[in-house]
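Any read-out appearing in this document is the output of simple, stated calculations on the displayed coordinates, not a laboratory observation. Source: prediction; values computed, not measured. Every residue, glycine as well, gets a Cβ built from its backbone with ideal geometry; the counts of neighbours run over all protein chains shown.
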Ligand SMILES: Cc1cc2nc3c(=O)[nH]c(=O)nc-3n(C[C@H](O)[C@H](O)[C@H](O)COP(=O)(O)OP(=O)(O)OC[C@H]3O[C@@H](n4cnc5c(N)ncnc54)[C@H](O)[C@@H]3O)c2cc1C
């Protein structure tokens, strides 16, 4: 197996590196929380200009039809340099609309995703429905050409900064739970929607509660067939879990911890040294898994489901190990950090990494899926 990049991919990697060095908006990596939304918007438009925002999308929908391997090279460079380039619209809403949306919906929604104009959030989880998502209760009742929606969503990442929501609702309460769900696109400034902030344990406002009170959504915003939304939702989750190239953030973190460890007065505890070696090896294993997924996707056209699940599980738990190790290497220094320092970032990562094994499906659920789909173990 040849792990070297092809000349084309190496040239593209250099192009992305040059872009990050020369074309990013001023202050992009030092902006404080208040200025970050505006900076992220500027970055989005810059990426959209190059058609990099939806690199792998077909050209007819505004992408560059990049191969999974090219996408991997891109994701690695962006993640390594901590460039905020993630978009739910690009990652799963758009791909599902390409598969199940009408021509009119594709023409209406997709160009505004690739141009960076519309930002989407995902409205799946509810206070009583997370892992068992099919039990969701938000209710949509047909009234003429509209649905009238009532209910509550929770943990809606970016809901406070989104133009559109990708909403799962119950359209038929009288059939088995998987069979009465529909997917609709909702404008987030529709009358009757209230978005309330939730602050995470790292102190950042990332997700929200979203309340729906008699919100009218045109039936023309239904994507796919009524009551068959569970199947498009499941396809969307597969896209979500197959995000490749995310290991570079972990690699960067390990490099930073090694830098701190080298500079530590009095040297390092032998056990900590050994664990640093362990995570460095695990990062490489994770990277190889990413390449395997990209290679499979390139060969077959679809992301391999079980490898994607494994990579999500392995990566989420690895992040937590690295974040814990970072704080251990910092020692007492971890208590006193200055804003923007490596120690400050490690401190934040330690608190934020807790969510890695919950968001996008918990590790327990991932293990259940791998047990049945990859190992063929019985469900119960
Ligand atoms: C940072 C972050 C961002 C998020 N962003 C979004 C978003 O944008 N949109 C959105 O809709 N949701 C979002 N979520 C919600 C996320 O998808 C859910 O939190 C997750 O699916 C778990 O659901 P829950 O919180 O209801 O936990 P529960 O499902 O109540 O689970 C509680 C515990 O029980 C375990 N458990 C449950 N069922 C089983 C089982 N069958 N077998 C073994 N163990 C089980 C779980 O693993 C977990 O440990 C986000 C969550 C986080 C942390």
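When the stretch 353-376 is limited to residues that are within 15 Å of residue 318 (Cβ to Cβ) and surrounded by 18 or more Cβ atoms within 10 Å (Cβ to Cβ), the one that is nearest to the ligand (Cβ to nearest atom) turns out to be 355. With respect to residue 136, determine if the residue is more than 21 Å from residue 36 (Cβ to Cβ), over 20 Å from the mean Cα position of the chain (by Cα), within 10 Å of the ligand (Cβ to nearest atom) and surrounded by 20 or more Cβ atoms within 10 Å (Cβ to Cβ). Against the criterion (more than 21 Å from residue 36 (Cβ to Cβ), over 20 Å from the mean Cα position of the chain (by Cα), within 10 Å of the ligand (Cβ to nearest atom) and surrounded by 20 or more Cβ atoms within 10 Å (Cβ to Cβ)), residue 136 qualifies.
Would it be correct to say that residue 282 is more than 16 Å from the ligand (Cβ to nearest atom) and either assigned to a helix (DSSP H, G or I) or exposed (fewer than 13 other Cβ atoms within 10 Å of the Cβ) (or both)? Full working, then the answer.
Working: more than 16 Å from the ligand (Cβ to nearest atom): yes; either assigned to a helix (DSSP H, G or I) or exposed (fewer than 13 other Cβ atoms within 10 Å of the Cβ) (or both): yes.
It is true that residue 282 is more than 16 Å from the ligand (Cβ to nearest atom) and either assigned to a helix (DSSP H, G or I) or exposed (fewer than 13 other Cβ atoms within 10 Å of the Cβ) (or both).
Has the stretch 172-187 got at least one residue that is surrounded by 20 or more Cβ atoms within 10 Å (Cβ to Cβ) and assigned to a loop (DSSP other than H, G, I, E, B)?
Just the residues of the stretch 172-187 that are surrounded by 20 or more Cβ atoms within 10 Å (Cβ to Cβ), to begin with: 180-186.
Those left that are additionally assigned to a loop (DSSP other than H, G, I, E, B): none.
No, the stretch 172-187 contains no residue that is surrounded by 20 or more Cβ atoms within 10 Å (Cβ to Cβ) and assigned to a loop (DSSP other than H, G, I, E, B).
Let's see how each residue does on (1) more than 21 Å from residue 358 (Cβ to Cβ); (2) within 15 Å of the ligand (Cβ to nearest atom):
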site: 159; (1), (2): no, yes
site: 164; (1), (2): yes, yes
site: 168; (1), (2): no, yes
site: 179; (1), (2): yes, no
site: 186; (1), (2): yes, yes
site: 198; (1), (2): no, yes
site: 204; (1), (2): no, yes
site: 220; (1), (2): yes, no
site: 228; (1), (2): yes, no
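Screening residue 275 with (1) more than 13 Å from the ligand (Cβ to nearest atom); (2) surrounded by fewer than 16 Cβ atoms within 10 Å (Cβ to Cβ); (3) farther than 22 Å from residue 206 by Cβ gives one miss only, at (2). Summed over the stretch 36-72, residues that are assigned to a helix (DSSP H, G or I) and within 30 Å of residue 205 (Cα to Cα) total 16.
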